[in-house]
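Report on one structure; see the data block that follows.
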Amino acid sequence: MNISEMGKKAREAAAVLATLSPDVKNRAIEAMAGILLENRDRIKAENHKDLKSGEEKGLSRAMLDRLTLTDKRIDGMAAALRTVAKLDDPVGEIHDVRVRPNGLKVGRMRCPIGVIGIIYESRPNVTADAGCLCVKSGNAVILRGGSEAIHSNAVIADLMMEAAIREGLPEGAIQLIATTDRAAVDAMVRADRYIDLIIPRGGRSLIEKVTRDSTIPVIKHFDGNCFIYVDEDIDLKEAVRIIDNAKTQRPGVCNALETLLIHRGVAADLLKDLVPVLLEKGVELRGDPHVCQLAPESKPAMESDWQEEYLDLILAIKVVDQLDEAVRFINEHGSHHTDAILTSNHGRAMAFLAGVDSACVFINCSTRFSDGGEFGMGCEIGISTDKLHARGPMGLKELTTSKFVVFGNGQIRS
């Protein structure tokens, strides 16, 4: 089936999905969760094919980690779907109602965007997350995963669609482009007759290509160069614990810590406690001259290190003199994804929140919490580093738009 045929089918499905009751959609999503669990061995067998191929092609450790589907991760996919099924349905919600002097009631109603196109690399759980979020928000979805996950994505999409159709959803609700031909991406981003929004998730080259070539609006899930700034007023043991988690708990994901900024007043004491913890876990440290002096185990950082998304056990560290310098440095070198301050000073914490121009800004916790599931959204279709129309983890509401609705009782305009 070519992109135009898939687009027509998706457009027809979107018209049906937009009018389905929450109960029908929720039953379908529950059925999707169940069928994934029932077929976990089949999913792992297909995933094994992708992992074997990835190892032969020399995929990075981070890419292989993102690609791997264990029992725990399959359980997590199903749990995320069931959480989404229990969330309030945004479609049809009327809000911002104002009564005009002539008695007209003017409000906004949430409605589906229509047909969503997802272009993504490596992570097969995106297939499940995107499928359930689009169905619940009344959108049809066309999925184009990377060649490295073709077997995993295909089995997950097939199973979800089988369950969805059984529960009364239209056939075109969830479709996966089965080919690994890159020409499919070119056709997809120009299918503006059928697709209303493109969301790319992957490496910089993929996102830049999609943004450059698309004739359809794009919301980007761009780099995750996440920063933590350690203020002078902080419990150092707590800081070490948070930094360790942010960097080492799962280094190959977009919300892992990549660059650490430390106030000069606490740099020596913090590094004395932090460096042994990170070195024990195999973290390579790259520091500015002051860091290299305090921690000789560090390699000298290059200018490019400050904007690098390593997705690996590598951490860039820089010493700064004050909060304003840290904020400026993050805004200049960061990717506007997720950044955090560790401080016991409320005023400086609030100044950091106001000053850092990122999708997610945290106080005194790990950047690893930048995730739709952790935010109570069930899962996410991506973390937008754009500003329009969505920013940060994108869940159900972010997959809707709105239309004005007006309630009258005979008014005419004079």
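What the table below lists for this structure:
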quantity: Theoretical ellipticity at 222 nm over the chain - DSSP helices of four or more residues, -39500 (n - 2.57) apiece, nearest 500; calculated: -13000 deg cm²/dmol
quantity: Region 226-369 shape via C-alpha gyration tensor axes, a/c threshold 1.5; calculated: rounded
quantity: Degrees separating the helix 204-213 axis from the principal Cα axis of the chain, which is the longest one; calculated: 40
quantity: Size of electric dipole in the chain: Cβ of Lys, Arg +1 and of Asp, Glu -1, about Cα centre, debye, nearest 20; calculated: 1580
quantity: Residues of type aspartates and glutamates that Lys25 reaches as a straight line, Cα spacing below 15 Å, ignoring anything fewer than 8 places off in the same chain; calculated: Asp88, Asp89, Asp129, Glu162, Glu167, Glu171
quantity: Residue order, fewest to most surrounding Cβ atoms within 10 angstrom, among His336, His95; calculated: His95, His336
quantity: The chain, relative contact order in percent, only Cα pairs under 8 angstrom and at least six apart counted; calculated: 19
quantity: Rounded to 10°, Cα long-axis angle of helix 71-86 versus longest principal axis of the chain; calculated: 50
quantity: Region 43-76 versus region 337-376: alpha-carbon centroid distance in Å; calculated: 31
quantity: Cβ-based net charge around Ala239, under 13 Å, with every Lys or Arg adding one and every Asp or Glu removing one; calculated: -4
quantity: Between region 1-28 and region 91-126, the alpha-carbon center distance in angstrom; calculated: 17
quantity: Extension gain from Ile412 to Arg328, taking 0.36 nm per residue of separation minus the Cα-Cα distance; calculated: 24.8 nm
quantity: Across Lys9/Lys397; Lys86/Lys136; Lys272/Lys299; Lys52/Lys220, pairs whose alpha-carbon gap is larger than 19 Å; calculated: Lys9/Lys397; Lys52/Lys220
quantity: Distance (nanometres) between label positions extended 7 Å along Cα→Cβ at Ser147 and Ser4; calculated: 2.6
quantity: Candidate lysines for bridging to Lys49, where Cα separation is under 18 Å - those fewer than 8 sequence places away on the same chain excluded; calculated: Lys57
quantity: Tensor-based shape of region 40-189 (alpha-carbon gyration tensor, a/c under 1.5 rounded, otherwise prolate or oblate); calculated: prolate
quantity: Candidate aspartates and glutamates - alpha carbon under 15 Å from Lys387, same-chain residues fewer than 8 apart omitted; calculated: Asp223, Asp357, Glu398
quantity: Inter-label distance for Ala45 and Asn102, nm, one decimal - labels placed 7 Å from Cα along Cα-to-Cβ; calculated: 6.7
quantity: Net charge dipole size for region 143-184 [Lys, Arg +1 and Asp, Glu -1 on Cβ; Debye, nearest 20]; calculated: 120
quantity: Stretchable slack from Ser344 to Ser304, in nm (0.36 nm times residue separation minus alpha-carbon distance); calculated: 11.3 nm
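Where a number appears in this text, it was derived from the coordinates with a stated rule and is not lab data. All of these numbers come straight from a predicted model, not from anything done at the bench. Cβ atoms come from the backbone with ideal geometry, glycine included; neighbour counts cover every protein chain shown.
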